[in-house]
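This report refers to the structure that appears directly beneath it.
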Amino acid sequence: MKRSRLARHVAYVAIGVLMAISLGASTVRAAGDQAHAQHTAQNQSDGLLKVVRDSTERFREVTAAEAEGYGLLFGCVSGPDWGAMGLHYVNLPLVFDGELDATHPEIVIYEQLPNGRLKMTGADYLVLADAWHANHPAPPELMGQLFHLFEAPNRFGLPAFYTLHVWAWKENPNGTFVNWHPKVSCDGFTTQAP
């Protein structure tokens, strides 16, 4: 009788050990999968940031953006308490084509410095929601970054649209792909920039 109890006890311990090992392996595998997903997302974020920098380097001087069809719209866009977006130089044909291309942002963003000069801070990808959904079932994304939806009516007077800001030229403490930048200000902006 003692032997059978001992055998059962050993069997229970063995089953418990096997379950713990199995559970541990699953936890390790899940942690590994999560780490891989985070690494992949970081690589995509870094990749998109590099594409934006490479594609907009030539626009560091606003005159180059203007020469390629970008023009200032909306004045200086500020938030009630989040900071600002800055000056949006928009390429309207790109906005209305209903497509997105990481190498051709619809908008290049600048901030006006105290001396009146403009400094590029990033790019903004924008597509009208109806135009996008005419050819795509899912909301837009670029290299793993999902776009933000602005419903209509909105402060810009646009129909509903999707947008993705990429703060490629001025680090944003709140993140590279958020709408508002707490260290961009419209305080010095008084008129359309020269």
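Here is how the numbers come out for the structure above:
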quantity	calculated
Inter-part distance where region 149-194 and region 71-105 are each reduced to a Cα centre, Å	7
Summed residue charge, Cβ within 14 Å of ARG60's Cβ, Lys/Arg positive, Asp/Glu negative	-1
Loop GluC sites (Glu not before Pro), region 119-194, which have at most 14 other Cβ atoms in a 10 Å radius of their Cβ (DSSP)	GLU151, GLU171
Whether region 62-120 is rounded, prolate or oblate, judged on the alpha carbon gyration tensor where a/c under 1.5 counts as rounded	oblate
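No lab work stands behind these numbers, since they all come straight from the coordinates. Being a predicted model, the structure only gives us computed values, none of them experimental. Glycine gets a Cβ as well: all are built from the backbone with ideal geometry, and neighbour counts include every protein chain shown.
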